[in-house]
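Engineer: Pasting a structure below so you can have a look.
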Amino acid sequence: MTAAATRLRTTRAVLFDNCPHAAKLADLEPDYDTHQQARGTVFHEFARRVLDECEATDEPKMDPGFARDLMLDCIRTSGRPLNTFEHDQLLVLATEFVTARTFDTTNLVDTEEQYEVERNGVIFTGRPDRLDIRDRIAEITDYKTGWAIDTDAALRGTGQGRIYAYAIFFAYPQVHTVRLLWDYPRWGAEPRTAELTRDDLPEIEALLDSLAGRYLAALAEDEWAASPGSWCQLCPNASACPLPAEFRGDGRVTTPEAAQAAARLLVVLEQIRRREMRALRAYCGEHGPVDTGDLIFDFKLKADSDRVIDKDLLRAAMARAGIPWDEHFTHVKGSTEFKARKAVTS
């Protein structure tokens, strides 16, 4: 690695990839810590200590009471800004974490160990929560304490997963496949999984080279563009964002008050939608379809409806076969559903 290379943590690299301005704000506010971030930090320390304990005792299970005490110690010693809600949530997560899982440490290599790799003048560093290696397969486990669950397809494309995988390929030449396991303790013991192999290296290298080049350019020119998205929830200083709140897209709700307002609005909108849909249905029932833009509101015969074209012919055929009509024939009348559909263009 070159002496002049710039170091970039994986979390900061992902933040920059999503919104360069947020990464700049994180540099200016290095001690900023939200309750959600504090929760994640404490839980990761707890998970590390659970694995260390299971490895030391050679036991794949942990008593929930012991886990609760272990979590309380992690909370006490963390110094993180945890409010009462997050404190209680962590105790629940601790119990659920050890109840739903066994911790086989046979192939455990390390926990929270830092790995680093250089691309295009930037040293990417990262600390996978857990690394296991068996034969030529490495498994990287990362614990997610939020509520949202990524799809397997989305997991394979995450910057965090690709940086971790690339660093492991670099550190362990014998590894051919890296299996990513994103574990969501709130939702049970079945993780989201994805795989990357050495065949994916050219694609990963191109991605990291591009990311490194953009980061170095931002440093040199001191230009950090703001880009809205769901990551606005984790912005280190949303009040310093140059984008007005209404333009922050998925991330414009950042406070409990704003969340309440959004929820109330959705309730009202749903009531309006139902009311207008009933009124429009009645109109279309008398006057036919109504089109707007590329949509048409109209009635459609349900695919599962059954229409008998010639009932007398069917009755005669059943009589010849000795099948009682009243016992075996049920006519399902055709029914319709009212909905919007895409207009068919020629």
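The values are calculated or read from the model by the stated rules, or taken from the named source; none is laboratory data. Computed from a predicted structure; not experimentally measured. Backbone-built Cβ (ideal geometry, glycine too); neighbour counts: all protein chains shown.
Engineer: Out of Asp110, Asp69, Asp104, I need the residue that is under 22 Å from Ala189 (Cβ atoms), touching a Leu at 6+ places or on another chain (Cβ under 6 Å) and of a type outside the set (Ser, Thr, Tyr). Which one?
Structural biologist: Asp110
Engineer: Could you say whether any residue in the stretch 53-66 is part of a helix (DSSP H, G or I), of a type in the set (D, E, K, R), farther than 23 Å from Tyr166 by Cβ and at pLDDT 90 or above?
Structural biologist: Looking through the stretch 53-66, at least one residue is part of a helix (DSSP H, G or I), of a type in the set (D, E, K, R), farther than 23 Å from Tyr166 by Cβ and at pLDDT 90 or above.
Engineer: Related question: Would you confirm whether any residue within the stretch 239-259 is farther than 30 Å from Asn83 by Cα, among the small types (Gly, Ala, Ser) and at pLDDT 75 or above?
Structural biologist: No, there is no match, as no residue in the stretch 239-259 is farther than 30 Å from Asn83 by Cα, among the small types (Gly, Ala, Ser) and at pLDDT 75 or above.
Engineer: Which count do you get for residues in the stretch 231-265 that are without any contact (Cβ under 8 Å) to a residue 24 or more places away in the chain, of a type in the set (A, V, I, L, M, F, W, C) and either surrounded by fewer than 10 Cβ atoms within 10 Å (Cβ to Cβ) or part of a loop (DSSP other than H, G, I, E, B) (or both)?
Structural biologist: 2
Engineer: Next question, about the same structure. Return yes or no: is Leu211 aliphatic (A, V, I, L, M), within 25 Å of Val117 (Cα to Cα), surrounded by 12 or more Cβ atoms within 10 Å (Cβ to Cβ) and touching a Phe, Trp or Tyr at 6+ places or on another chain (Cβ under 9 Å)?
Structural biologist: Answer is yes for this residue.
Engineer: Looking only at the stretch 81-109, count every residue that is at pLDDT below 95, within 30 Å of Leu8 (Cβ to Cβ) and surrounded by fewer than 18 Cβ atoms within 10 Å (Cβ to Cβ) and tell me the total.
Structural biologist: Count: 1.
Engineer: Something else now. Is it fair to say Thr77 is out of contact with any His (no Cβ under 6 Å at 6 or more places or on another chain), exposed (fewer than 12 other Cβ atoms within 10 Å of the Cβ), among the polar types (S, T, N, Q) and part of a helix (DSSP H, G or I)?
Structural biologist: Answer is yes for this residue.
Engineer: Separate question: Mind listing whichever residues of the stretch 266-292 are among the acidic types (Asp, Glu) and either surrounded by 12 or more Cβ atoms within 10 Å (Cβ to Cβ) or assigned to a helix (DSSP H, G or I) (or both)?
Structural biologist: Residues satisfying the conditions are Glu270, Glu276, Glu286.
Engineer: Enumerate the pairs (first residue in the stretch 279-299 and on the phi < 0 side of the Ramachandran plot; second residue anywhere and in a helix (DSSP H, G or I)) with beta-carbon separation below 7 Å, excluding pairs fewer than 6 apart on the same chain, so at least 6 apart or on different chains.
Structural biologist: Val290/Leu280; Val290/Cys284; Phe297/Leu280; Phe297/Cys284; Asp298/Cys284; Phe299/Cys284
Engineer: In the stretch 214-223, is there at least one residue being of a type in the set (Asp, Glu) and more than 27 Å from Cys241 (Cβ to Cβ)?
Structural biologist: No - not one qualifying residue is present in the stretch 214-223.
Engineer: Can you list the strands (runs of 3 or more DSSP E) found entirely within the stretch 131-208 that contain at least 2 residues being surrounded by fewer than 17 Cβ atoms within 10 Å (Cβ to Cβ) and outside the structural domain of His44 (by TED's automatic domain parsing)?
Structural biologist: 192-197
Engineer: Do we find that Asp69 is of a type outside the set (S, T, N, Q) and either assigned by TED's automatic domain parsing to the domain that holds Ala212 or closer than 19 Å to Asp183 by Cβ (or both) in this structure?
Structural biologist: So Asp69 fails the test.
Engineer: Any chance the stretch 82-95 includes a residue that's within 27 Å of the chain's Cα centre (by Cα), part of a loop (DSSP other than H, G, I, E, B), more than 21 Å from Ala194 (Cα to Cα) and in the same structural domain as Val178 (by TED's automatic domain parsing)?
Structural biologist: Looking for residues that are within 27 Å of the chain's Cα centre (by Cα), part of a loop (DSSP other than H, G, I, E, B), more than 21 Å from Ala194 (Cα to Cα) and in the same structural domain as Val178 (by TED's automatic domain parsing), one finds none in the stretch 82-95, hence no.
Engineer: Residues in the stretch 178-230 that are touching a residue at least 12 places away in the same chain (Cβ under 8 Å) and within 21 Å of the chain's Cα centre (by Cα): how many?
Structural biologist: 24
Engineer: So, in the stretch 96-130, how many residues would count as being in contact with a Gly (Cβ under 9 Å, 6 or more places away or on another chain) and assigned to a helix (DSSP H, G or I)?
Structural biologist: The qualifying residues number 1.
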